[in-house]
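Notes to accompany the following structure.
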Amino acid sequence: MNQLIKMDQLRKLCLVFILVVPSFAFAQLPYGLLEDKPYDGTELTFLICCPAAKQFVAWADSVDEFTDLTGIEVFFTNDPLGGLREKIVTESIGSPGSWDVTIYFETWGPSLANFLEPIDNFSDQWSPDLSDYPNATIGMATLDDTLYGIPARSHVMMLYYRQDVLDELGLSVPTTWGELTAAAQTITEADNDMYGITMNWAKQGGGISLIPWTNVLRSFGADQYDADFRPVMNSPEAVAATEMYANLLNYAPPAAVTYNEGDARTSYASGEAAMVLAWSWAYEVFQNPEAAEQVVIDNTGFTPIIPGAEGPSAPVAMTWPMAISASSNNKEAALEWVKWMTNPDLDLEAVGSGQTVVANRLSSLYSDAAAGSWDSFSEAMGDAYSSATPLPVYLEFPEGSDILETALSNIAGGADVAETLNSAATDIDDVMQRSGRY
Amino acid sequence: MRTSNFKYVLLLPTLLILVVTTVLPILQVVNLSFQRWQITRSLTPQGYVGFDNYVRAFQDGDFLNSLRVTFTYTTMTAFFSIVVGVFIAVNVQRGSIFADIVKALLIFPFAISLTLRGYSYRFMLLEGQGIIDTMLDFLFPFMQNVVWLANPFWALFWMSAALFWAWGPLGGLMILGALNNIDSGIFEAAKVDGASDWRVFVNITLPLLRPMILVVALLITLFSSRMFDLVLTMTAGGPGRATETLNYFIYRVGFQIFDMGYASALAMILTMILIVLSYVYSRVLLD
Amino acid sequence: MTSNTYSPNQDVVNKKQRQKKRRAQIRHHTALTVIVLFVMFPIFWITTSAFKLPIDVRKPTIFFQPTLQNFQILFNEFQFADLLLNSLLICVFVVLITLPLAAMGSYGLSRYQLPFKKALLVGILASQFFPPVVLVLPYFTLFRRFDLLDTILGLVIINLTRTIPFSIWLLKGFMDTLPMEIEESAMVDGCTEFKILQHIVLPLSIPGLITTGIFAFILAWNEFLYALLLTGRNSRTAIVGLVNVVGERDVPWEQMSAAGILVMIPMLIMAFAIRKYFVEGMTMGAVK
């Protein structure tokens, strides 16, 4: 922490140096920002949601510094997350040029591609260091070999568990899905008023209930789609994986069939269950005294999903790429803002100061500052990213994910796994054909 | 009835506003409903396709399902709203200070936005944590194992409850007005003849209230048949597609899949259904 | 055995009647209590949730450490004061424009013979039930042409398209119940039609106008989709702020409840202040 403050001061000093002594011929702006304020006075509109997210608060706080350096003013729109995609699309169609920069969920990428200016189009002006990012997140910001945005908020799935509960029952941290099922059963049957695992099976829209399931599929060597985006979620491996995943409901709170992602997090944080599959940022929740019981804060262990002999450890990752509007009138100025927002110091500072656990760059995750604030968690995140796989990103996602969420919801209600997945695969096949994919 | 030109002066501003802000946009939608426009693939409509979008609707299992759901949902909501409304009206009518206070509270639920209502009901129904679930488990132990929003029937029922919670009391106020207009001599006469309270209610009160109940039913039918917010906030259409209403389906097609041509056709179909419905109602009301 | 015939058992009858009356009284109060619980409990629960910390909000208990933190977050991070002000401004304008226009329109429809009157009435109602999702893009084009995007004026106009038709229906029903004799005698006395509207009809319609005003206010206050999509940082409303607390795939119910209370209070105050007129207007307007 101390070190961080020092670094922060150093950066401020740097800034003072830059501002006070602009006449130095070799005074160079950091992060490839352009000299001499070529876009002085430009106003940028940043389409963004969730003003309370810790990381975004840090972004908003850094605007003044950016304006000092470049003369560009930036306004955050703070739209509701639930309407962000609608907002991006309707603004782009109905009022081109009304926004300059946005962040989006990677799964929206193909449906937004028409409205985004690929970062690759600026390659003569800026070459960001992509090697510092996990392959999975860069992969999701890339469509048809073209980079559309820079990962600006990324997560990877982790398995969280209660060390005290495992110890008490003489269990070790599960390393395969078989062990996990056994542990969940032991914990549920033990006399401790606690369920083995908590899950989110509710239809939530946006394909959210598919995320933990996709982890399980991949650990069993199955997947939602093959390389040509033909549905393979009804393969024998996928059916076996889904049956195992559905079987876990026996060791989960009865409400798990109606839990969405947030409910599952809260359920674990309240001590209702001893394990949960959740995003890496959930660690912030599990360490927050206002949101989690003290016994959870003290005893939460974590491991990347899911180590095991039954299949590859392939945790799912996700990201919000930051991208520039194709209809923007200020694309060059917007690029300056993207350079600034994705700079390594901002990334490091957020995680290093303990403000948030979210970091996009491997160098930040493996830094001493991150370890100082989050102990071994950041490093574990980094390790998880190294084997992480992207969520399927495809144009038909809104239809495909809805069909699959409906199928999972039906399975939670007791429908036959193989039959349900078969009919889902047929429906998706229709969608793909109508869309002209094959 | 009078026949000067003053009537046109009276109606002109309203008609002007409605033509510009409602008729013109709706004509655009009518036009779009005959075109193909997948917004995410093309910035402008992709050409006329005749009645394809309409034909597609009636071959679309999800659309037919949403019609069924909407019908059940609307019927359920209208039924419970009226039961609650009549119960409230009959009980509040007897003047007492308590009754006057209750009357003042009846408008409150209606003033709460559907979004907040949806999220709140969802939280209050969460199995083992929600307050409504906790209370119902206490009152009806045999329902302890029912996970409300995971059960196709109960999910639809509670979505309806979040609506008749507001429309019941509001309908109650309207029915109360009709009740006050009934000549109380009729009730006295019936009592003198020795009819029980219940018989008076069924044979005299209800038939006299029929016109008002129909008005309330019309309003509720029209409002609940376009339900969307509660689906989004309470169930996202689940379990399965058991609570996916027509308007939610249109939202999904228009704003998730961004198929504006198809969504426009669906919107036209929904509007046609509602126009026919209001016509039928108005015939029933006039007779 | 009715009470108005004399019988030697009068005392017993009286006693029985008193008992019967008492039982009726108990039934009456039980029914009212049930109604109050039904109507107020969810509101009560939302209110308690607004003062809870995240850790308490999902527990079915009324014993907890109350906090004002949720409100602080709303005012600091979400600029709720600005949002409420915007909403108030929009709704006041909407009501002020809706009432005269709707009064004129409904008077015209109530008192005059018009070509296609019935079609007009059904049309006005039907326009209300067009799914807004497909209207967003046409509105966008329209608003861009007149430079109304992200302005208070734009939202006022969009709300008028909802409040005017609804108000016309409510007010027409109300005006149908007003006796026509006074107007006719005034006409005979040589009053102009405008004077009749101004001096006779409008004063008589005050309960109806107040009811309609509240409805218009509530409709505009709770309008969400257009307020979300046709606005930016200059004209955001409180109801959008309410949804805005939904974070990354999660609903912080305690913050949402707090926002809900802030959004609810102005309307509750208003509804309570003019409840007398409201009940009157509601009941008269709907009986044709």
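Derivation of every value follows stated rules applied to the coordinates shown; laboratory data play no part. Note that the structure is predicted; figures quoted are calculated from it, not measured. Methodologically, a virtual Cβ is constructed for each residue, glycine included, from the backbone with ideal geometry; neighbour enumeration extends over all protein chains shown.
Would you calculate, for the protein assembly as shown, the mean residue ellipticity at 222 nm contributed by helices, counting each DSSP H stretch of 4 or more residues as -39,500 (n - 2.57) and dividing by all residues, to the nearest 500?
About -18000 deg cm²/dmol.
Given a cut-off of under 8 Å on Cα pairs at least six residues apart, what relative contact order in percent is computed for chain B?
RCO, chain B: 29 percent.
If you add up the charges near B:N53, with Lys and Arg at +1 and Asp and Glu at -1, over every other residue whose beta carbon is less than 11 angstrom from its beta carbon, what do you get?
The answer is -1.
Say the dipole of region C:156-264 comes from +1 at the beta carbon of Lys and Arg and -1 at that of Asp and Glu; which of C:P207, C:A258, C:L160 then lies farthest toward its positive end?
C:A258
Give the cross-link partners of C:K195 among the aspartates and glutamates, using a straight C-alpha distance below 13 Å as the criterion and excluding same-chain residues fewer than 8 apart.
C:K195 reaches C:E183, C:E184.
May I ask for the angle, rounded to the nearest 10°, between helix A:331-341 and the longest principal axis of chain A, with both axes built from Cα atoms and the value confined to 0 to 90°?
60 degrees
Who wins for biggest fluctuation among C:R22, C:R144, C:R111 in a Gaussian network model of chain C, springs between alpha carbons below 10 Å?
Its mean-square fluctuation being the largest, the pick is C:R22.
Please name whichever of A:V74, A:M275, B:Q129 sits farthest to the positive end of the charge dipole of the protein assembly as shown, dipole taken about the Cα centre and charges placed at Cβ: Lys and Arg +1, Asp and Glu -1.
In the protein assembly as shown, that residue is B:Q129.
If you average the sequence gap of Cα pairs under 8 Å that are 6 or more apart and divide by the length of chain A, what percent do you get for the contact order?
Contact order relative to length: 24 percent.
Given the options A:L130, A:L147, A:L404, state which has the largest fluctuation in a GNM of chain A using a 10 Å cut-off (strictly under) for Cα springs.
A:L130
Please report the relative contact order for region B:66-192, taking Cα pairs under 8 Å with a sequence separation of at least 6, and give it as a percent rounded to a whole number.
43 percent
Please give the direction-averaged projected area of the C-alpha convex hull for region C:87-170, in square nanometres with one decimal.
6.3 nm²
With +1 on each Lys and Arg Cβ and -1 on each Asp and Glu Cβ, how big is the dipole of region A:226-277 about its Cα centre, in debye rounded to the nearest 20?
120 debye
Among B:T115, B:T70, B:T221, which one moves the most in a GNM of chain B with springs linking Cα atoms closer than 10 Å?
Its mean-square fluctuation being the largest, the pick is B:T115.
Does chain A come out rounded, prolate or oblate by the C-alpha gyration tensor, with a ≥ b ≥ c the root eigenvalues, rounded set by a/c under 1.5 and, if not, prolate when a/b is larger than b/c and oblate if not?
It is oblate, given that a/c is not under 1.5 and a/b is not larger than b/c.
Find how many whole Å separate the alpha carbon centroid of region B:246-287 from the alpha carbon centroid of region A:376-425.
Distance between centres, Cα-based: 33 Å.
So for C:T161, A:T175, fewest C-beta neighbours within 10 Å to most, what's the order?
A:T175, C:T161
If you place +1 on the Cβ of every Lys and Arg, -1 on the Cβ of every Asp and Glu, and leave all else neutral, what size is the dipole of the protein assembly as shown about its Cα centre, to the nearest 20 Debye?
In total the dipole reaches around 5780 debye.
What does the charge count near B:V146 come to, summing +1 for each Lys or Arg and -1 for each Asp or Glu among other residues with Cβ under 15 Å from its Cβ?
Net of charged neighbours comes to -3.
Which lysines, on any chain, are close to A:K339 with Cα under 23 Å apart, when same-chain ones fewer than 8 places away are left out?
The reachable lysines, counting only those whose Cα sits under 23 Å from A:K339, are A:K12, A:K37, A:K54, A:K331.
Have a look at A:F122, A:A292, A:A141 and report the one farthest towards the positive end of the charge dipole of chain A, computed about the Cα centre with Cβ charges (Lys/Arg +1, Asp/Glu -1).
A:F122
To the nearest Å, what is the center-to-center distance of region A:115-139 and region A:266-280, using C-alpha atoms only?
35 Å
Under the rule of at least 5 residues apart or a separate chain, name every residue whose amide H is placed under 5 Å from the amide H of A:L29.
none
For region A:30-74 and region B:85-99, what is the separation of their C-alpha centers, rounded to whole Å?
Cα centres, region A:30-74 to region B:85-99: 60 Å.
Using the alpha-carbon atoms, what tilt in degrees (0 to 90, nearest 10) does helix B:260-286 show relative to the longest principal axis of chain B?
On a 0 to 90 degree scale, this one is about 30.
Among residues other than A:P253 whose Cβ falls under 11 Å from its Cβ, what is the net charge (Lys/Arg +1, Asp/Glu -1)?
Net charge around A:P253: -3.
Based on the Cα gyration tensor of region A:226-306, what are the three equivalent ellipsoid semi-axes, each the root of five times an eigenvalue, rounded to whole Å and given largest first?
The three semi-axes for region A:226-306 are 29, 15, 11 Å.
What longest region of chain C stays clear of chymotrypsin sites (Phe, Trp or Tyr not before Pro) that DSSP places outside H, G, I, E and B and that have at most 16 other Cβ atoms within 10 Å?
No qualifying site falls inside C:147-288, the longest such stretch.
Convex hull volume of the Cα atoms in the protein assembly as shown, per residue, in Å³?
So the per-residue hull volume is 192 Å³.
Which far-off residues, 5 or more places away or on another chain, put their amide H under 5 Å from the one on A:G301, with H placed in the peptide plane?
Excluding prolines and chain starts, which carry no amide H, the hits are A:Y161, A:R162, A:Q163.
Report, by chain and number, residues whose modeled amide H sits under 5 Å from the one on A:C49, excluding near sequence neighbours (fewer than 5 apart, same chain).
Correct list: A:D79.
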